[in-house]
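Let me begin by presenting the structure, written as structure tokens, before commenting on it.
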Amino acid sequence: MTRPILTAEQMRAAEQAAIDAGATVEELMERAGGALAEAVYRFAGPLPALILTGPGNNGGDGYVAARHLAERGVKVRIATLAEPKSDAAKWARSRWSGAVELLGNDTGPEPLVIDALFGTGLRHGLEEPVAKQLLRLCSAAILKVTCDLPSGVETDTAAELSPVPSFDLTATFGALKPAHRLHPAMHKCGRLVLANIGIEAETRWREIGPPELPTLDPGGHKYSHGMVHCVGGAMVGAVALGATAAYRAGAGYVRIGANEHVPNVPAAVVQGQKGRLDDRHIGALLVGPGLGRDGGPLLEQALAAGRPLVLDGDAFALLGDPARLNGLDAILTPHEGEFKELFGTLEGSKPERALEAARRAQSVVVYKGPDTIVASPDGRVGFAPPAPAWLATAGTGDVLAGITAAMRARGLPPFEAACAAVWLHGRAAEIAGPHMIADDLAAAIPHALASME
């Protein structure tokens, strides 16, 4: 089961639903603080800890965690920004029997810092003196942990409202928040653990996890294992990467239709099949990598073929109105520039923009970037886990398009195919390593598939 993701408003509603069902705020705080302490102890052991608390419920979670850690023999200090204001936080503070110092220049560091200043729902950045103290104490620590979200991060957009240090571990409760899987905040969270505190997270937004791929039929053949047809154009290198990735991702048959021979592809790739786009055996048509801006007629043939489509690259410049895809079976894989070229400037957070684009095109949209989002017109959204920074190199988008085509050809529905491809793409990059080029990424796809077994 993949982890759910709730916006700040949805999280408040889920907490209220738990309270309406009989839980108290204090009970939820006790569970959250206990879970924070458990995560910290498993991660850092008995390392002496400095917990920074704010005046709200995030600070209350910090007081509860301090008590649980102290009961395990951990040396704990608390430095607070201000005395608690909410009733639940006051309750948590009353149960802490240790000293509490005021956060300031005299606050000394500890090997472990736990940030429990502010969490979900923050609307403005930390005041400059507070942000400086947080940065100072974190820079002096060996390990840094944050409660729910790093202080200074906006929950729904991941914007850094004030300077945010990098943490080694984030412990959150009930559900992930969008900022946990959106840039830039997700790259400050470190390892992300989710604790169940008795809150029901009903949502169509989820983190993308390892895919469940179709089982291969022992009596199957190359067509039943998925056929991908790559529509070639001016840039043969791009279509070669897409075709290679499709084969490496498990397609049973891959062919290229291009005006010239495409070198550097697996020997089994069939070439020269330009005119057969309506072949009933085709499980996915890959259109865009290497197509060229003069490839309009080829795109039109693909749109009219009635086969599942994966569109990338030059296909977006040639498509024009995305509403032309209404009624077709299509997956779009634009990066930021291509997204704006196709859909214009949309309002909202990245997942909201992706959803609006999916609804306009009535297609699955893979909105690529350091925080790739997969959106379906039915309202589902998949948030990719953090992928290696070295994916930002030429040709890796062609590889993703090829994997996506293979997943679709193998029989996964469009949204599931796109999510599977995004996960495999990131896993292959981890395996290929920081000095990879796109060819290495394609070569690592079988190893990414094997890592799921």
Can you tell which of 451, 392, 229 lies farthest toward the positive end of the dipole of the chain, using +1 and -1 charges on the Cβ of basic and acidic side chains (Lys, Arg; Asp, Glu)?
451
So if I take the centroid of the Cα atoms in region 20-51 and the same for region 342-415, what is the distance between those two points in Å?
35 Å
Just to confirm the number: angle between the C-alpha axis of helix 57-71 and the first principal axis of the chain, 0 to 90 degrees, nearest 10?
70 degrees
If you average the alpha carbon positions of region 430-453 and of region 127-202, how far apart do those two centres end up, in angstrom?
30 Å
Amide H proximity to residue 173 below 5 Å, modelled H, separation 5+ or other chain, gives 195
Given a 1.4 angstrom probe, I'd like the percentage of the accessible area of region 319-412 that is carbon and sulfur, rounded to a whole number.
49 percent
May I ask for the angle, rounded to the nearest 10°, between helix 396-409 and the longest principal axis of the chain, with both axes built from Cα atoms and the value confined to 0 to 90°?
70 degrees
With n ≥ 4 as the cut-off for DSSP H runs, can you work out [θ] at 222 nm for the chain, using -39500 (n - 2.57) per run divided by the number of residues, rounded to the nearest 500?
-11000 deg cm²/dmol
Largest first, how would 188, 222 line up by accessible area (1.4 Å probe)?
222, 188
Cβ-placed point charges (K, R +1; D, E -1), dipole of the chain about Cα centre in debye, nearest 20:
520 debye
Run through the DSSP bridge list for region 295-440 and note the antiparallel percent, rounded to the nearest 5.
55 percent
Quick one: pull the percent of accessible area on region 10-139 belonging to carbon and sulfur, 1.4 Å probe, ligands and nucleic acids left out.
52 percent
Just the accessible area per residue of the chain, please: how many Å² with a 1.4 Å probe?
40 Å²
When all Cα-Cα pair distances of the chain are considered, the percent exceeding 36 Å is 36 percent
Arranged from highest to lowest average of other beta-carbon atoms within 10 Å per residue, in what order do the peptides 397-404, 157-164 appear?
397-404, 157-164
Pull up the DSSP beta bridges for the chain and report the antiparallel fraction as a percent, rounded to 5.
15 percent
Amide H proximity to residue 230 below 5 Å, modelled H, separation 5+ or other chain, gives 255, 256, 257, 286
By a straight-distance test (C-alpha under 18 Å), which aspartates and glutamates pair with residue 144 as possible cross-link partners, with residues fewer than eight away in the same chain excluded?
38, 61, 110, 115, 160, 168
Highest-first arrangement of 42-54, 59-71, where packing means the average Cβ count within 10 Å:
59-71, 42-54
Helix 8-20 vs. the chain, principal-axis angle (Cα, 0 to 90°, nearest 10)
60 degrees
Determine ³J(HN,Hα), in whole Hz, for all residues of region 435-451 in sequence, where each value follows from phi through the Karplus function 6.51 cos²θ - 1.76 cosθ + 1.60 and θ = phi - 60°; x replaces Gly and Pro.
9, 6, 10, 4, 4, 5, 4, 4, 5, 7, 4, x, 5, 5, 5, 5, 5
Among the chymotrypsin sites (Phe, Trp or Tyr not before Pro) within region 358-424, which fall in a DSSP loop and have no more than 15 other Cβ atoms within 10 Å of their own Cβ?
none
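The values are calculated or read from the model by the stated rules, or taken from the named source; none is laboratory data. None of the values given here were measured: they were computed from a predicted structure. Positions of Cβ are generated from backbone atoms using ideal geometry, with glycine treated the same way; all protein chains shown enter the neighbour counts. The protein model used for the area step is the full one, side chains on, heavy atoms only, and it has no ligands, DNA or RNA in it. Shrake-Rupley method; radii C 1.70, N 1.55, O 1.52, S 1.80 Å.
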